[in-house]
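Enquirer: Sharing a structure here in structure tokens format.
Every number here is computed from the coordinates shown, using simple stated rules; none is lab data. Since we're looking at a predicted model, the values are computed, not measured. Neighbour counts are summed over all protein chains in view; Cβ atoms, including those assigned to glycine, are modelled from backbone coordinates with ideal geometry.
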Amino acid sequence: MRKGLVPGEQVIVTTRPQPRKLAGAAAAFVLAPALAAYASAWIIRGGAAGLVPALGGKATPWLVACCVLAAAGVWLAYCLPRLLRWLGTRYTLTSLRMVARHGIINRREQQADLASVRNLTVRETLLQRLVRSGNISLETGYQGVVVFRDVPEVARFRDFILDAIGELPDGHDAGPDAAVHSPAEALPKHERRWTG
């Protein structure tokens, strides 16, 4: 993210979505080989041949191989995509914007300029409240609503966003080249008079 910053922009915090989304994949990662091992042991002890006598002993290696392939299929088709999706998602809050990047190979990016944020909403389901995560919606004038899902430590992240919005420079305090708003300020300091 640092290479995409504009001059003067600083990264405040970078995080990934709440890892609770990986709970099902983690359970499948553990249960698939356990069930494959149990089924393989049952097949080797003759359970399959006793259930279907036509299989005989010659089918045992093939049935065990099917159990191993089924466990590998669960890992590759279910666990790995969810892990990669989680690893490929990052939420970055900078001093000027909120950025969400999704994907490792095919990348998708959402951005919301903090200066254009009109409303910040935090929504939490019961499960999200238990793990202190939530969805942050940033309503902007021209972009509509940008939603960042399953942000961890959502209350703290909301405070970071509000602090960053509060520290944005005002439109009139643009620096030494800013326009002068009062005719008295246009005069040199020793010629200014109090008119009040």
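Enquirer: DSSP loop (so not H, G, I, E, B), at most 15 other Cβ within 10 Å: list which trypsin sites (Lys or Arg not before Pro) in segment 11-61 pass both filters.
Expert: On the way: sites: R20, K21, R45, K58; in loops: R45, K58.
Sites meeting the loop and neighbour criteria: R45, K58.
Enquirer: Which order do peptides 109-115, 94-100 fall in by mean Cβ count within 10 Å, highest first?
Expert: Numbers: 109-115: 16.4, 94-100: 20.4.
The densest-packed peptide leads the list: 94-100, 109-115.
Enquirer: Moving on to the next point. From a point 7 Å beyond the Cα of W62 in the direction of its Cβ, which residues of segment 11-41 have a backbone N at a distance under 18 Å?
Expert: 40
Enquirer: Taking 0.36 nm per residue of separation and subtracting the Cα-Cα distance, what length does fully extending L126 through Y142 add? List each step's numbers first, then the result.
Expert: Values: separation 16, 0.36 × 16 = 5.76 nm, distance 3.17 nm.
Length gained, L126 through Y142: 2.6 nm.
Enquirer: Relative to the present Cα-Cα distance, how much length would full extension add between W42 and L80 at 0.36 nm per residue of separation?
Expert: Working: separation 38, 0.36 × 38 = 13.68 nm, distance 2.78 nm.
Value of the extension gain: 10.9 nm.
Enquirer: How far is the Cα center of segment 82-127 from the Cα center of segment 7-61, in Å?
Expert: Their Cα centres are 31 Å away from one another.
Enquirer: Do any trypsin sites (Lys or Arg not before Pro) in segment 102-131 lie in a DSSP loop with no more than 12 other beta carbon atoms within 10 Å, and if so, which?
Expert: Working: sites: R107, R108, R118, R123, R129; in loops: R107.
Of the trypsin sites (Lys or Arg not before Pro), the ones in loops of segment 102-131 whose Cβ has at most 12 other Cβ atoms within 10 Å are R107.
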